[in-house]
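Participant: Structure provided below as structure tokens; questions to follow.
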Amino acid sequence: DVRSKSSRPHWYERYAQPCVAELLGSTLFIFVGCLSVVEDAEGTGRLQPALAHGLALGLTIAILGDI
């Protein structure tokens, strides 16, 4: 008498989890991006903010990509 579970995901996995992942990803991306522009070292020009945004985006995708 083993009952099979339905294949539908739970409401949390379907609605709440993607919203939380989007919120965390956007927050990390914006925070790191703004911080890199504020703390721009002399002589780096546009390279430091560009690298910081790229690394933040890569980290966000690596951590939250499966959601």
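The values are calculated or read from the model by the stated rules, or taken from the named source; none is laboratory data. On a predicted model such as this, the values are computed, not experimentally measured, just so you know. Please note: Cβ atoms are built from the backbone with ideal geometry, for glycine as well, and neighbour counts cover all protein chains shown. Heavy atoms of the whole protein, side chains included, go into the accessibility calculation; ligands, DNA and RNA do not. Shrake-Rupley method; radii C 1.70, N 1.55, O 1.52, S 1.80 Å.
Participant: Using 0.36 nm per residue, how much length does the chain from Phe31 to Leu55 gain when fully extended, once their Cα-Cα distance is taken away? Spell out each step's value before the answer.
Facilitator: On the way: separation 24, 0.36 × 24 = 8.64 nm, distance 1.24 nm.
Full-extension gain reported as 7.4 nm.
Participant: Taking semi-axes √(5λ) of the Cα gyration tensor in Å straight from the coordinates, which label in [x] 40, 10, 6; [y] 24, 12, 11; [z] 31, 12, 8 is the correct one?
Facilitator: Structure-derived value, by its label: [x].
Participant: Further, regarding this structure: Suppose only helical runs count, i.e. DSSP H with n ≥ 4. What mean residue ellipticity at 222 nm does that imply for the chain under -39500 (n - 2.57) per run, divided by all residues and rounded to the nearest 500 deg cm²/dmol?
Facilitator: Values: 2 runs with 40 residues, N = 67.
Only helices count here, giving -20500 deg cm²/dmol.
Participant: For a protection proxy built on the mean count of beta-carbon atoms within 10 angstrom, sort 48-61, 13-26 highest first, please.
Facilitator: 48-61, 13-26
Participant: Calculate what fraction, in whole %, of the accessible area of the chain sits on carbon and sulfur atoms when a 1.4 Å probe is rolled over the protein chains.
Facilitator: Carbon-and-sulfur percentage of accessible area, whole number: 64.
Participant: Suppose the chain between Leu24 and Leu64 were pulled fully straight at 0.36 nm per residue; how much longer would it get relative to their current alpha carbon spacing?
Facilitator: This chain segment gains 13.5 nm when fully extended.
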